[in-house]
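The values are calculated or read from the model by the stated rules, or taken from the named source; none is laboratory data. Predicted, not measured: the structure shown is a model, and the values here were computed from it. Note that each Cβ is placed from the backbone with ideal geometry, even for glycine, and that neighbours are counted across all protein chains shown. The protein model used for the area step is the full one, side chains on, heavy atoms only, and it has no ligands, DNA or RNA in it. Shrake-Rupley method; radii C 1.70, N 1.55, O 1.52, S 1.80 Å.
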Amino acid sequence: TAKGSVVYAFSMGWPTNNRLSLIVPKPTAHVAVTLMGCEKPMKYEPRAGTEGGLDVLVPSLTVDELPSLTGPWVFKLVGVL
């Protein structure tokens, strides 16, 4: 879902291998990704061999750092098309 220039990606299950693969949106030069309710920064990589999308690289988190143990987990993406 989107609100203005911000895209929210909902993950109903925890990302396999801590990598959330998104086919869309397309990253720009200035992307910021956060997991709502979590203070740890998220990294990302553009999807290799595609014309868009990105992979969110979720760091290892303790139970106390997770906003929810059962999800859904919401990732906020700024700077994407």
Practice item. Filter segment 53-81 for residues that are in a loop (DSSP other than H, G, I, E, B) and farther than 22 Å from M12 by Cβ and give the result. Key: L81
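Being within 21 Å of P25 (Cβ to Cβ) and part of a loop (DSSP other than H, G, I, E, B) is the filter here, so list the residues in segment 36-52 that pass it. Spell out the reasoning first.
The initial filter retains those residues of segment 36-52 that are within 21 Å of P25 (Cβ to Cβ), namely 36, 38, 41-52.
Hits for segment 36-52 are M36, C38, P41, M42, R47, A48, G49, T50, E51, G52.
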Check your understanding: Quick check, is M36 under 12 Å from the mean Cα position of the chain (by Cα), open to solvent by less than 60 Å² (accessible area, probe 1.4 Å) and in contact (Cβ under 8 Å) with a residue 12 or more places away in the chain?
Key -> no
Practice item. Say whether the condition of being loosely packed, with under 13 Cβ neighbours inside 10 Å and free of Cβ contacts under 8 Å to residues at least 12 places away in the same chain is met by at least one residue in segment 12-19. Key: yes
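Among K26, K76, which is on the phi < 0 side of the Ramachandran plot, open to solvent by 60 Å² or more (accessible area, probe 1.4 Å) and at pLDDT 95 or above?
Numbers: K26 fails: at pLDDT 95 or above.
Criteria check complete, one pass: K76.
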Point to revise | Complete set of residues in segment 49-64 that are over 17 Å from N17 (Cα atoms) and open to solvent by 60 Å² or more (accessible area, probe 1.4 Å) | key: G49, T50, E51, D64
